[in-house]
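For reference, the structure discussed in these notes is given below.
The values are calculated or read from the model by the stated rules, or taken from the named source; none is laboratory data. Note that the structure is a prediction, hence the values are computed from the model and not measured. Methodologically, a virtual Cβ is constructed for each residue, glycine included, from the backbone with ideal geometry; neighbour enumeration extends over all protein chains shown.
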Amino acid sequence: MPVSYSKDLRGRVIAAWLEKEGSQRQLAQRFKVSLSFVRNVVRHYRESGQIEAKQRGGYQKPIIQDEHLSMIKSLVEGKNDLLLRELCDRYAERTGTSVSITTMHRAVEKLGLRCKKKVSMPASKIPQEYKS
């Protein structure tokens, strides 16, 4: 996994930039880093006033919290042939929070449920030639 450049190097690049010791391209060559790194460090310094790199990664709280899982379970059990898109729409109506199909799929899987469309024809009525 890639690692951020050191705070020391970032500080030296910013100090040289503040002292106008050359263009960003010249600073990149001088410190043997890419031009995009120099541009990003300078932009980050201008916007935040900080030299440190931004924090990477971390835990992201799920959009659908545990208290809403029971509501989704009741929706699926009430009508188990709903499409995920329809589940998303009904969830948005009840909670005011719109979620993606992927998020809804994760929630349904977490509950151990399946959203399956009902078979349009009973298996006994399917012609023999189509059965496998």
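Tabulated results
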item: Cβ-Cβ under 8 Å pairs, at least 6 apart or on other chains, region 67-86 side under 11 Å from L113 (Cβ atoms) and without any contact (Cβ under 8 Å) to a residue 24 or more places away in the chain, far side surrounded by 12 or more Cβ atoms within 10 Å (Cβ to Cβ) and among the hydroxyl-bearing types (S, T, Y); result: L75/Y91
item: Number of positions in region 8-37 that are surrounded by fewer than 11 Cβ atoms within 10 Å (Cβ to Cβ) and either within 15 Å of Q50 (Cα to Cα) or of a type in the set (A, V, I, L, M) (or both); result: 2
item: Failed condition for V76, given (1) among the β-branched types (V, I, T); (2) in a helix (DSSP H, G or I); (3) at pLDDT 90 or above; result: (3)
item: Test: L87 is out of contact with any Asp or Glu (no Cβ under 7 Å at 6 or more places or on another chain), surrounded by 11 or more Cβ atoms within 10 Å (Cβ to Cβ) and modelled with pLDDT under 85; result: no
item: Pairs where the first residue, in region 93-108, is within 20 Å of D81 (Cβ to Cβ) and the second is basic (K, R), C-beta under 8 Å, 6+ apart; result: I101/R85; V108/R114
item: Set I51, I63: member being in contact with a Gly (Cβ under 8 Å, 6 or more places away or on another chain), on the phi < 0 side of the Ramachandran plot and assigned to a loop (DSSP other than H, G, I, E, B); result: I51
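Residues are listed down the side, and each one gets a yes or a no for (1) among the basic types (K, R); (2) modelled with pLDDT under 90:
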{"residue": "I63", "(1), (2)": "no, yes"}
{"residue": "D81", "(1), (2)": "no, yes"}
{"residue": "E93", "(1), (2)": "no, no"}
{"residue": "T97", "(1), (2)": "no, yes"}
{"residue": "K125", "(1), (2)": "yes, yes"}
{"residue": "Y130", "(1), (2)": "no, yes"}
